[in-house]
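A.B. asks: This structure is in structure tokens; I'll ask about it shortly.
The values are calculated or read from the model by the stated rules, or taken from the named source; none is laboratory data. None of the values given here were measured: they were computed from a predicted structure. Positions of Cβ are generated from backbone atoms using ideal geometry, with glycine treated the same way; all protein chains shown enter the neighbour counts. When the accessible area is computed, the model is the full protein with side chains, heavy atoms only, and any ligands, DNA or RNA have been set aside. Shrake-Rupley method; radii C 1.70, N 1.55, O 1.52, S 1.80 Å.
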Amino acid sequence: MADPHFGLERHDPEGFSLTAAVDSAPPDEPSLPVGEWLRKNLFSSPFNTVLTLVFTVVALAGLRGLLNFAFSEERNWDAVRVNLRLLFTQAYPEDQYIRVWVSVGIVVALSGLSLGLWARLSGVPVARVAMWSMTAGGLIALGVVLREPSAVSGPDGDPMRDAAGEVIRQSFGAAMGDRIWWWLAAAVLFGVGAGLWRGFEDERRRHTYVPTIPLVFGSLGVVVATLWLYRWGHYAFTGNEFVYEPDRTAALSTKLPWTVMWLLLMASWAAGRQGRGTPAEGRLKVLVNLAWLLSPFILFWVVLRDPAIDWAHVWSTDLPMAAGFVIGGGAVLYGLTRPGIGEVGRVIAVGLLAFAGFNWVAAFAGWYPMLQKARFGFLLLALAALLAPNFTGERAQRLRLVWGWAGAMTVVQYLVTMANTESTLNTPTSEFLGGFSVTLFVAVFTLIFSFPLGVLLALGRTSKLPIFRVLSTAYIEAMRGIPLITVLFFFANMLNLFLPQNMELGSVAAVTVGFSLFAAAYLAENVRGGLQAVGRSQYEASDAVGLTTVQRTMFIVLPQGLRVSIPPLVGQVISTFKETSLLAVIGIFDFLFLANRAIPSQSEFLGVKREGLLFVSIVYWIFAFSMSKYSQRLERRLGVGER
Amino acid sequence: MTAADTAGGAAGADTGAHARADMIVCEGVSKWFGDFQALDGITATIAEREVVVVLGPSGSGKSTWIRCINHLEHHQEGRIVVDGVELTNDLRNIEQIRSEVGMVFQQFNLFPHLTVLGNITLAPIWVRKKPRREAEAAARALLERVGIPEQAEKYPGQLSGGQQQRVAIARALAMDPRVMLFDEPTSALDPEMIKEVLDVMKGLARSGMTMMVVTHEMGFAREVADRVVFMEEGQIVETGTPEHFFTSPAEDRTKQFLSQIL
Amino acid sequence: MSDSSSPTLAATQSQRPPFYRDAVVVKWLTQVATLLLVLAALFFLTTRAGQELAAKNISTGYEFLGVNPGLDLSEGIDTDPATGGRALWVGMVNTIRLAIAGIMAATALGVIVGVGRLSGNWIVSKLSSLYIELVRNVPLLVQIFLIFAVIAALPRAVEDQGPIHGWIHLSNKGLSVPRVFPGDGFYQWLVFLGIGAVVGRYVARRRRRSQELTGRDAYPVLWLLAVVAAFGMAGWWLHPVFGWLGPVFAVVADAVGAVPPGAVQAAISLGALAAAGWWIKRFVDSHRTPAGLAKLTDDDYFRMIFAGVGAGLVIVTVFVVWPGLASWVVNSGRDLFEVVSDKFGNGRSGPPIDGHRPDIQKLGNFPNYGPAGLNFTQGMAAVYFGVVLYTAAFIAEIVRGGILAVPRGQTEAAQAVGLRRVTMLRRVILPQAFRIIMPPLGNQYLNLTKNTSLAIAVGYSDLVQVGQTLFSQTGKSIEIFSIWMLFYLACSLSISAIVNFFNVRLRLVER
């Protein structure tokens, strides 16, 4: 059934399909002769001919407008080029910039490993690559003809103007002559494409494929190579002084790291590839997944933030507390999961929960002080104690549970300590992140926090227990009824008022909390769709074999329901990513804010706005478009949405 | 309620069950769905090692009755005692009864995202708290018993209907149940697969399992059942041995039903 | 029924389990505990906020609605509102205007693009796809900023210019187009149209009956339109004859104003009680069997209690929490009828619908658009075109999906029975596609309405922008947030009500 050349690896066993899983490749269209194709698709009736003519003119005019805009002498693309670093990391200190590269490197390495371990992207048909090449060549040629002739530049480099103030332009012929390199590029692309097409379009060879991984790595390599060869301009800080030389290749501080990243990507891919099929593959996959899960916290809170660790405090407070929770909590869990303990265990766990809740009441009333970290620790312990009996069995299983607790608690205590420690970074702004990095930070953390909350809300809304259902429904509908911007305003201005004493969140953190609460409502609706696809019969079967409610949810309902909700969840990721742009409205220095406000107020680029905004659009578009393509592919693979 | 009385009496008289312990005792069990009364005062006793086949037209409450016995449905009036444990609101009793009563559904209800082995070992590991290795060994033995040892690593979607139903039986047996409930186990199967499932069930009956079977397979009822119970409109109309039931039914409604299906 | 039919039963003691093992008790205890936890958390949080606010000397309460905020709004029905409440009202009207105009334009554009994507014409379908993929994957706010920047870079407004001088002006001040608005006698004319509709329906029904009897086409719909048009045309000049309705409405207004608030409170309470009672009675009836009342489960009791508590909450709100609600209802009712009464009589004899072409005025050195045309200021144009273009891309996908979802067999069946192409579209394809399109379309309308709140980013005075300004003046964040929330919830409820209405109608059409 599956065309082996398309689609990622099927993680799912072939036997499991909630709906008919069809791994469909786009059907091969029989290629018509050009004349017939034109008649069929463009000139089939008088009405169609008119439509074709009108829209061809519209398309050409649009393309011409776009080109004239983008390549106009008035455009100041330097505003983007010079500010690239600002746009991505804002004012991250120059002497600490290696931290940024380390972070990027970790993400690149993890991506490479994951590609190597999971992806089975076997190839793109040569005929399709040929088509791309021909299209690119054709478009370049079209653009070269359509764009208005360049302005004649005067002695000072500025365009010359006539008496009326209009820019003086070259003659058409001269302009075409000046663009000889473009012509050449177009001709080469088209020629290569046409040659390949000739060779590979016939029935016998149309299933010849270019392997995807070399294709992707090769294209990236070409991009990296241009950094060394093409004169993009040399923009660099030398001793904290910004140096700006337009006629050189990219600065070493740009091209070297990216070259390293490119090599790292290939190396980690090869490593992942090696690990595939070995006995350790399963464990390796778990490790990589864990690394992905932890990397946002470690990268943003530890690597990029560089906390100034107060060792005295660590030894006197943090370590003992962590040890207490790890050991004491482990002991409590081990005791509470004794097989014969029965309801007593549950009663003790509820008691713990009451104690954990009471700590906050006490904080409110000011009865006794306690570190916020400890309050959360007790809450986590109580929840673990309440849930643990569902996930335990013989002694080895109990010990595994205790080890799991110890590991999780260590990580949590470490991360919270790090997040609570002052940063050593010396940045001019209150936040150490800015530009695209803050956009990513908010998007990633919103997704991480909203996911569990959204799943809980979805479970609540599909629950048989009426009060849970009413509460979840009310929350979800209220959140979905109001615009995000109002929620962000509220949280940016108000969150600290609601927090307990001695607890404060920075504006980015506060906004992330609000955004997560908002996104959770939408996420819950997506997950609910999946949960409703799990039939009643599955519930009955789990009840009949004696699973508890928690076990049924974790082992049966969620695995099945979440799988169905994957495509809408990717959609949710896209909208969350796009919605981070709203940070600009509440005055956080995100990607969009920098392009819309910060750059246009720099003295060199006063009022230069459209270039930056266009660049921002392109970056957002690339991310969102590739994710939506991925989700369409998943949808096809899972057979969801096919009627 | 004469029919109900005969049910109790017949059990004692026909199978000599007084020597055996009572496994399932129902008394005056009633259940409503909204304004529809699904069960109307069901009173019956099923002895240990007894095989009871429940017959009746669709909508007569057969399925609801056996679903009440392992608390998939909550009976609203009357008492149900399974193996000396009464089915009340007591969570511990519900837990106990569920792990002692195995159930096989019409649509198999296997977990599609788990392998056959995963389906069978899930409950023993997490409910019975058995070590994984032990549970897997037991599961393989059970698969051997139902005749599909080679399918352990496959997913339910890759099996035929008959094989799926046999996996479902193995899944229920993996909990070492004292009672097995079958809710129309062969209704969703193609004719050629019915036999393989019925064979497994017959083997189970011979091994001395207490069984309650809702089915339309008259051959099975004749051959295996110790007793046949006929239900209509939520009540037990008639009960007796297969010979008595199929040859000389007492009630008119039973005769009518038999004339329709035989 | 035999009581001791089984020795096993007698031997088994049926005793109540301890509460922590009782399924029903545990079930309700968990839920009630969770509910209490949520309420307690809310209580603690609000108390904390109250303390913080008190420490910052910010009072809580809605007095600011009656105080002059000294705001200047960029546009709206009242650019210099006298009170905070009035300012918010102007913002709401701006939001609603933007939303309604946006919904209409986005629907039109979305349907065109969606159908275009299915077109057999290669270039039309490719351009539609390109549009959808480009617009959908760029954040709306970025697009709004881009449009804003592009408008800002347009040439300055000059008196005798514009793409179509005298009709459409486009400059860095935004866009100005001819404006059509209800004139003097509009409401009197509406009465004419209403009567025309009633008469027209009657005529149409008679025509339809004759069509069914004779089998000859009697054009009932055409007749209906003709009758309404005739009334409309006659009413264009004759509408002053309904001037007498003004005093009638004035009397009604007085009557409404004379209702004592207590009566309104009582009416609302009784209504709530009656609704709850009716619901409970219906619920119990649905559990009644021929043999008597079915046994109710704990969930059934919860539902009835929930209905009762709901009614109780309404009563408490009306009498205790917000006693002013009753007089507010009375006053609004009176105001409404007064406004309506004002639209009739008093020598209103002008044409019901009027229009102006845009004009350009020169105040000081810089020409700007005058009040005659329909002006899209820079901010408004940015938000409006932003949300319209953005939402249209999503609507296009919905429309395309809906049409594709109608099975091909339907088309073939319609052709087989010999329906004409238009009839087939109207009677077979569209009704089915609409049923699929309607619910997600409603969602998009809701999204569009919520997205107009991005107006704040470009300084258009919508509700959120006005609220934010009031907040920075008064610090009343909770109060303003509550107003935002109520308004948008009301919007979403009305949109889903409208969508549901059409959904139900379409389902009837199908039968």
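A.B. asks: Is there a residue being part of a helix (DSSP H, G or I), touching a residue at least 40 places away in the same chain (Cβ under 8 Å) and of a type in the set (Lys, Arg) anywhere in region A:614-633?
C.D. replies: The answer is yes, given that some residue of region A:614-633 is part of a helix (DSSP H, G or I), touching a residue at least 40 places away in the same chain (Cβ under 8 Å) and of a type in the set (Lys, Arg).
A.B. asks: Here's something else I'd like to know. Would you be able to say whether some residue in region A:600-607 is away from chain B (no Cβ under 14 Å) and in a helix (DSSP H, G or I)? Steps first, please.
C.D. replies: To start, the set of residues in region A:600-607 that are away from chain B (no Cβ under 14 Å) comprises A:600-607.
Restricting the remaining residues to those that are in a helix (DSSP H, G or I) gives A:600-601.
Among the residues of region A:600-607, at least one is away from chain B (no Cβ under 14 Å) and in a helix (DSSP H, G or I), which makes the answer yes.
A.B. asks: Another question, then. With the condition being open to solvent by less than 50 Å² (accessible area, probe 1.4 Å) and either β-branched (Val, Ile, Thr) or in contact with a Lys or Arg (Cβ under 9 Å, 6 or more places away or on another chain) (or both), I'd like the helices (runs of 4 or more DSSP H) fully within region A:90-208 carrying at least 3 qualifying residues. Working first, answer last.
C.D. replies: Numbers: elements: A:98-117, A:126-146, A:172-178, A:180-200.
By residue number, A:98-117, A:126-146.
A.B. asks: Something else about it: Might you check whether a residue that is away from chain B (no Cβ under 14 Å), without any contact (Cβ under 8 Å) to a residue 12 or more places away in the chain, outside any helix (DSSP H, G or I) and under 28 Å from the mean Cα position of the chain (by Cα) occurs anywhere in region A:479-487? Steps first, please.
C.D. replies: Of all residues in region A:479-487, those away from chain B (no Cβ under 14 Å) come to A:479-487.
From what is left, the residues that are without any contact (Cβ under 8 Å) to a residue 12 or more places away in the chain are A:481-483, A:486.
Restricting the remaining residues to those that are outside any helix (DSSP H, G or I) gives A:482-483.
Those still in the list that are under 28 Å from the mean Cα position of the chain (by Cα) too: A:482-483.
Within region A:479-487, one or more residues are away from chain B (no Cβ under 14 Å), without any contact (Cβ under 8 Å) to a residue 12 or more places away in the chain, outside any helix (DSSP H, G or I) and under 28 Å from the mean Cα position of the chain (by Cα).
A.B. asks: How about region B:20-85: which strands (runs of 3 or more DSSP E) wholly inside it have at least 1 residues that are more than 14 Å from residue B:101 (Cα to Cα), in contact (Cβ under 8 Å) with a residue 40 or more places away in the chain and open to solvent by less than 10 Å² (accessible area, probe 1.4 Å)?
C.D. replies: B:22-33, B:36-47, B:51-55
A.B. asks: Quick check on region B:234-253: of everything there that is within 14 Å of residue B:56 (Cβ to Cβ) and modelled with pLDDT of 90 or more, which residue is most open to solvent (accessible area, probe 1.4 Å)?
C.D. replies: Residue satisfying both the conditions and the ranking: B:235.
A.B. asks: Within region A:225-256, how many residues turn out to be touching a residue at least 40 places away in the same chain (Cβ under 8 Å) and open to solvent by less than 30 Å² (accessible area, probe 1.4 Å)?
C.D. replies: Number of matching residues: 1.
A.B. asks: Restricting attention to region C:89-111, and to residues there that are away from chain A (no Cβ under 12 Å) and either β-branched (Val, Ile, Thr) or touching a Lys or Arg at 6+ places or on another chain (Cβ under 9 Å) (or both), which single residue is farthest from residue C:389 (Cα to Cα)?
C.D. replies: Per the stated criteria, the residue is C:90.
A.B. asks: Do you know which of the residues in region C:38-51 that are at the interface with chain A (Cβ under 7 Å from one of its Cβ atoms) and not charged (D, E, K, R) is least open to solvent (accessible area, probe 1.4 Å)?
C.D. replies: Within region C:38-51, the first condition is being at the interface with chain A (Cβ under 7 Å from one of its Cβ atoms), and the residues that meet it are C:38, C:44-45, C:48-49.
When the remaining residues are screened for being not charged (D, E, K, R), the result is C:38, C:44-45, C:49.
On the way: C:38: 58, C:44: 54, C:45: 71, C:49: 0 Å².
Restricting to residues being at the interface with chain A (Cβ under 7 Å from one of its Cβ atoms) and not charged (D, E, K, R), the top hit is C:49.
A.B. asks: Let me ask you something else. Out of all the residues in region C:205-219, is one or more at negative phi and touching a residue at least 24 places away in the same chain (Cβ under 8 Å)?
C.D. replies: Quick first cut of region C:205-219, residues at negative phi only: C:205-214, C:216-218.
Narrowing further to those that are touching a residue at least 24 places away in the same chain (Cβ under 8 Å): none.
No: zero hits.
A.B. asks: Going through C:392, C:382 one at a time, which residue ends up being outside any loop (DSSP other than H, G, I, E, B) and either in contact with a Gly (Cβ under 8 Å, 6 or more places away or on another chain) or not assigned by TED's automatic domain parsing to the domain that holds residue C:148 (or both)? Don't jump to the end; show me each part of the working.
C.D. replies: On the way: C:382 fails: either in contact with a Gly (Cβ under 8 Å, 6 or more places away or on another chain) or not assigned by TED's automatic domain parsing to the domain that holds residue C:148 (or both).
Residue meeting the stated conditions: C:392.
A.B. asks: Out of all the residues in region C:397-419, is one or more surrounded by 14 or more Cβ atoms within 10 Å (Cβ to Cβ) and among the hydroxyl-bearing types (Ser, Thr, Tyr)?
C.D. replies: yes
A.B. asks: Which ones in region C:80-92 are open to solvent by 30 Å² or more (accessible area, probe 1.4 Å) and touching a residue at least 24 places away in the same chain (Cβ under 8 Å)?
C.D. replies: Going residue by residue through region C:80-92, those that are open to solvent by 30 Å² or more (accessible area, probe 1.4 Å) are C:80, C:82-83, C:86, C:89, C:92.
Correct list: C:92 only.
A.B. asks: Let me ask something else. Is it the case that region A:314-335 has a residue that's closer than 19 Å to residue C:33 by Cβ and free of Cβ contacts under 8 Å to residues at least 40 places away in the same chain?
C.D. replies: The answer is no; no qualifying residue exists.
A.B. asks: Could you check, for region C:160-183, whether at least one of its residues is within 12 Å of chain A (Cβ to nearest Cβ), open to solvent by 30 Å² or more (accessible area, probe 1.4 Å) and outside any helix (DSSP H, G or I)? Before the answer, list the steps.
C.D. replies: Narrowing region C:160-183 to residues within 12 Å of chain A (Cβ to nearest Cβ): none.
Looking for residues that are within 12 Å of chain A (Cβ to nearest Cβ), open to solvent by 30 Å² or more (accessible area, probe 1.4 Å) and outside any helix (DSSP H, G or I), one finds none in region C:160-183, hence no.
A.B. asks: May I pose another question? Specify the residue that is surrounded by the fewest Cβ atoms within 10 Å (Cβ to Cβ); the eligible residues are those in region C:321-355 that are modelled with pLDDT of 85 or more and of a type in the set (Val, Ile, Thr).
C.D. replies: C:339
A.B. asks: Also, quick follow-up: List every residue pair whose Cβ atoms sit under 8 Å apart, with the two residues 6 or more apart in sequence or on different chains, where the first one lies in region C:246-261 and is farther than 18 Å from residue C:190 by Cβ and open to solvent by 70 Å² or more (accessible area, probe 1.4 Å) and the second, anywhere, is modelled with pLDDT of 90 or more and among the charged types (D, E, K, R).
C.D. replies: Filtered contacts from region C:246-261: C:254/C:334.
A.B. asks: Looking for something part of a helix (DSSP H, G or I) and over 21 Å from the mean Cα position of the chain (by Cα) - is there at least one such residue anywhere in region C:88-109?
C.D. replies: The first filter runs over region C:88-109 and keeps only residues part of a helix (DSSP H, G or I), leaving C:88-109.
If we keep only those that are over 21 Å from the mean Cα position of the chain (by Cα) as well, we get none.
No, the conditions are met nowhere in region C:88-109.
A.B. asks: Check off (1) open to solvent by 10 Å² or more (accessible area, probe 1.4 Å); (2) modelled with pLDDT of 90 or more for residue B:123 and give me the number that stays unchecked.
C.D. replies: Exception for residue B:123: condition (1).
A.B. asks: Among A:388, A:396, A:365, which is aliphatic (A, V, I, L, M) and either surrounded by 14 or more Cβ atoms within 10 Å (Cβ to Cβ) or modelled with pLDDT of 90 or more (or both)? Step through it out loud before you land on a result.
C.D. replies: Values: A:396 fails: either surrounded by 14 or more Cβ atoms within 10 Å (Cβ to Cβ) or modelled with pLDDT of 90 or more (or both); A:365 fails: either surrounded by 14 or more Cβ atoms within 10 Å (Cβ to Cβ) or modelled with pLDDT of 90 or more (or both).
When all the criteria are applied, what remains is A:388.
A.B. asks: To continue, here is another question. Can you confirm whether region B:83-100 contains a residue that is under 18 Å from residue B:215 (Cβ atoms), more than 10 Å from chain C (Cβ to nearest Cβ) and at pLDDT 90 or above?
C.D. replies: no
A.B. asks: Being open to solvent by 10 Å² or more (accessible area, probe 1.4 Å) and more than 7 Å from every other protein chain (Cβ to nearest Cβ) is the filter; apply it to region B:111-120 and report the residue that is nearest to residue B:147 (Cα to Cα).
C.D. replies: Checked region B:111-120; the qualifying residue nearest to residue B:147 (Cα to Cα) is B:117.
A.B. asks: Taking residue C:29, is it loosely packed, with under 13 Cβ neighbours inside 10 Å, within 14 Å of another protein chain (Cβ to nearest Cβ) and farther than 30 Å from residue C:179 by Cβ?
C.D. replies: Working: loosely packed, with under 13 Cβ neighbours inside 10 Å: no; within 14 Å of another protein chain (Cβ to nearest Cβ): yes; farther than 30 Å from residue C:179 by Cβ: yes.
It is false that residue C:29 is loosely packed, with under 13 Cβ neighbours inside 10 Å, within 14 Å of another protein chain (Cβ to nearest Cβ) and farther than 30 Å from residue C:179 by Cβ.
A.B. asks: Which residues, counting only those in region B:228-248, are assigned to a helix (DSSP H, G or I) and in contact with a strand residue (DSSP E or B) (Cβ under 6 Å, 6 or more places away or on another chain)?
C.D. replies: So the first thing to find is which residues in region B:228-248 are assigned to a helix (DSSP H, G or I), and the list is B:242-247.
Answer for region B:228-248, where residues must be assigned to a helix (DSSP H, G or I) and in contact with a strand residue (DSSP E or B) (Cβ under 6 Å, 6 or more places away or on another chain): B:242, B:245.
A.B. asks: Something else now. Would you point out which residue out of B:135, B:170, B:152, B:141 is small (Gly, Ala, Ser) and open to solvent by 40 Å² or more (accessible area, probe 1.4 Å)?
C.D. replies: Values: B:135 fails: open to solvent by 40 Å² or more (accessible area, probe 1.4 Å); B:170 fails: open to solvent by 40 Å² or more (accessible area, probe 1.4 Å); B:152 fails: open to solvent by 40 Å² or more (accessible area, probe 1.4 Å).
Exactly one residue qualifies, and that residue is B:141.
A.B. asks: Of all residues in region B:129-165, count the ones that are within 11 Å of chain A (Cβ to nearest Cβ) and in contact (Cβ under 8 Å) with a residue 60 or more places away in the chain.
C.D. replies: Looking only at region B:129-165, we keep the residues that are within 11 Å of chain A (Cβ to nearest Cβ), and these are B:129-135, B:151, B:153-159, B:164.
Next, from what is left, pick out any that are in contact (Cβ under 8 Å) with a residue 60 or more places away in the chain: none.
Qualifying residue count for the region: 0.
A.B. asks: Something else now. Checking residue C:144 against (1) assigned to a helix (DSSP H, G or I); (2) outside the structural domain of residue C:365 (by TED's automatic domain parsing), which single condition isn't satisfied?
C.D. replies: All conditions are met except number (2).
A.B. asks: Could I ask something else about it? In the list A:463, A:472, which residue meets the criterion of being farther than 26 Å from residue A:296 by Cα, of a type outside the set (D, E, K, R), out of contact with any strand residue (DSSP E or B) (no Cβ under 7 Å at 6 or more places or on another chain) and outside any helix (DSSP H, G or I)?
C.D. replies: Values: A:472 fails: outside any helix (DSSP H, G or I).
A:463 is the lone residue from the list that is farther than 26 Å from residue A:296 by Cα, of a type outside the set (D, E, K, R), out of contact with any strand residue (DSSP E or B) (no Cβ under 7 Å at 6 or more places or on another chain) and outside any helix (DSSP H, G or I).
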